[in-house]
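Below is one structure; the comments refer to it alone.
The values are calculated or read from the model by the stated rules, or taken from the named source; none is laboratory data. Since we're looking at a predicted model, the values are computed, not measured. We place every Cβ from the backbone using ideal geometry, glycine too, and count neighbours over all the protein chains shown. Protein only, heavy atoms only, side chains kept; ligands, DNA and RNA dropped before computing areas. Shrake-Rupley method; radii C 1.70, N 1.55, O 1.52, S 1.80 Å.
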Amino acid sequence: MVSKTGMRGVEGGVIGFRLDEEHEELRKSVEEFARDVVAPTIGELYDRGEFPYDIVARMGRMGLFGLPVAEEYGGMGGDYFALCLALEELGRVDSSVAITLEAGVSLGIMPIYRYGTEAQKREWLPPLCAGEMLAAFGLTEPGGGTDVAGAMRTKARLEDGHWVIDGSKSFITNSGTDITGVIAVAAITGTASGGKPEISTILVPSGTPGLTVAKKYSKVGWSASDTHELSFDGCRVPEANLLGERGRGYAQFLATLDEGRVAVAALSTGLAQGCVDESVAYVRDRQAFGGPIGRFQALQFKIADMETRAHNARLSWYHAAARMSAGEPFKKEAAIAKLTGSDAAMDNSRDATQVFGGYGFMNEFAVGRFYRDAKILEIGEGTSEVQRMLIARELGLST
Ligand SMILES: Cc1cc2nc3c(=O)[nH]c(=O)nc-3n(C[C@H](O)[C@H](O)[C@H](O)COP(=O)(O)OP(=O)(O)OC[C@H]3O[C@@H](n4cnc5c(N)ncnc54)[C@H](O)[C@@H]3O)c2cc1C
């Protein structure tokens, strides 16, 4: 039996995780692309902090940005599981490229696809799915990302048929590239019942007067990805740019982040697996005390632990994605998958760097890049503390 997720489903009470033909084909083609196109070029772009325009264009032509979107909007008519598979394969080789796709689809495209009007979908989705344009998701503010509803200061008011936006956003991925086309901005649009802020999402096209994209951040990792602070000063967009219903912004971003966590978990699994790939090749080659260092059991055990973590991380995101595709609740599973994946990525990148010795500390080897890239996986799209809070809450525990 082939399930909607692209995995073989429950047969005789046993859950199998063998990919169906279509998904295995996709996985393989992204694996080849990552190995043949991304791996040879990304190191230099990363060192120079340059956005990988050519790689993004090629991913667009492969259809990766449109994987979970219906064909009538320029997508591939696939599913979210397919996107996650692609993210895992890209993450095995490089996280800047993988996060550009992850943020482009799960944070950029999906809110428009899920909540947009027909006109918004027809306008934005075809170029976004083709990878000719990128969308960003502006939620986090300088005052706080975890308590984002409490910390939100960005406001939008209706004036002469336009939303007028004032405020600022921090750390927004894909917001300042040459091909960024639109940013979904969460803003306070009034007061909801009970006196709480009413939050809505508004689409702001790039280049709108009053929107300022600040200089690119200098980051510890993800150096070839694009991240900026944004400010809005009397930024006017048509009233029709409201995404979905007024006052539904909070629910929209919670749902977007739940899905995004599964995608980040897949990316994290890729990074964890990439550490295994690099380490196995290195210990076969590197010589010490008259032979390859791979004969030392201390290193074998380290690599066995790394493989175990990557394997568990994969099972965890497969499970969350399967529940999501089946329309079952998946909040807890998504949080578990993100926690498991980011822990695996952190631990494996530290161990892989150790396996490489001094070369692990050199930028020319991928494991050093993996080490720098792993840390953000414990922070973005909900910190590890937030994942634990969500899991505890799903168990009926609250503060
Ligand atoms: C490279 C990068 C890309 C990003 N891309 C985007 C993007 O595209 N769009 C977007 O909107 N955001 C983006 N973010 C923001 C990211 O989601 C936030 O950084 C993250 O949610 C944490 O928010 P914060 O940085 O404000 O930390 P804070 O919320 O200030 O948290 C600081 C620390 O306190 C802990 N903490 C806070 N509250 C609690 C609590 N109740 N219990 C226990 N611990 C708590 C946190 O876990 C953390 O360890 C990005 C961030 C980075 C670094």
Compute the long axis of helix 53-62 from its Cα atoms, compare it with the longest principal axis of the Cα atoms of the chain, and write down the angle in degrees, 0 to 90, nearest 10. 90
The lysines whose Cα lies under 25 Å from the Cα of Lys215, excluding any fewer than 8 residues away in the same chain, are Lys155, Lys169, Lys375
Pull up all non-local amide H partners of Thr180: gap of 5 or more, or a different chain, and H-to-H distance under 5 Å with H placed in the peptide plane. Leu134
Per residue, how many Å² of accessible area does the stretch 285-330 show with a 1.4 Å probe? 58
Here the equivalent ellipsoid of the stretch 279-322, derived from its Cα gyration tensor, has semi-axes (largest first, whole Å) of 31, 9, 4
Cα-only Debye scattering, the chain: base-10 log of I(q)/I(0) at q = 0.12, 0.13, 0.14 Å⁻¹: -0.93, -1.08, -1.24
Once the Cα atoms of helix 384-394 and of the chain are each reduced to a long axis, what angle between those two axes, in degrees from 0 to 90 to the nearest 10, is obtained? 70
Among Thr100, Thr308, Thr173, whose mean-square fluctuation peaks in a Gaussian network model of the chain (Cα, cutoff 10 Å)? Thr308
Potential extension, Ala149-Thr308 segment - 0.36 nm per residue separation minus Cα distance: 53.5 nm
Apply the a/c threshold of 1.5 to the C-alpha gyration tensor of the stretch 46-95 and tell me whether it is rounded, prolate or oblate. oblate
With a cut-off of 8 Å between alpha carbons and a minimum separation of six or more residues, what is the relative contact order of the stretch 185-237 in percent? 31
Starting at the first residue of the stretch 351-363, write each ³J(HN,Hα) from the Karplus equation 6.51 cos²θ - 1.76 cosθ + 1.60 with θ = phi - 60°, in whole Hz, x for Gly and Pro. 5, 5, 4, 5, 4, 7, x, x, 5, x, 8, 9, 5
Could you work out the helix-only [θ] at 222 nm for the chain, with each DSSP H run of four or more residues adding -39,500 (n - 2.57) and the total divided by the number of residues, to the nearest 500 deg cm²/dmol? -15000 deg cm²/dmol
Options Gly91, Met133, Ser206, ranked by Cα towards positive dipole end of the chain, top entry (Cβ charges): Gly91
Does the stretch 174-241 come out rounded, prolate or oblate, given a ≥ b ≥ c as the square roots of the eigenvalues of its C-alpha gyration tensor, rounded meaning a/c under 1.5 and, failing that, prolate meaning a/b above b/c? prolate
Apportionment of accessible area to carbon and sulfur, the chain, percent (1.4 Å): 53
Residues with amide H under 5 Å from that of Arg236, placed H, sequence gap 5 or more: Ile165
Looking at the square roots a ≥ b ≥ c of the eigenvalues of the Cα gyration tensor of the stretch 4-136, which shape do they give, rounded for a/c under 1.5, prolate if a/b is larger than b/c, or oblate? oblate
With everything on Cα atoms, drop me the angle between helix 21-33 and the longest principal axis of the chain, reported from 0 to 90° to the nearest 10. 80
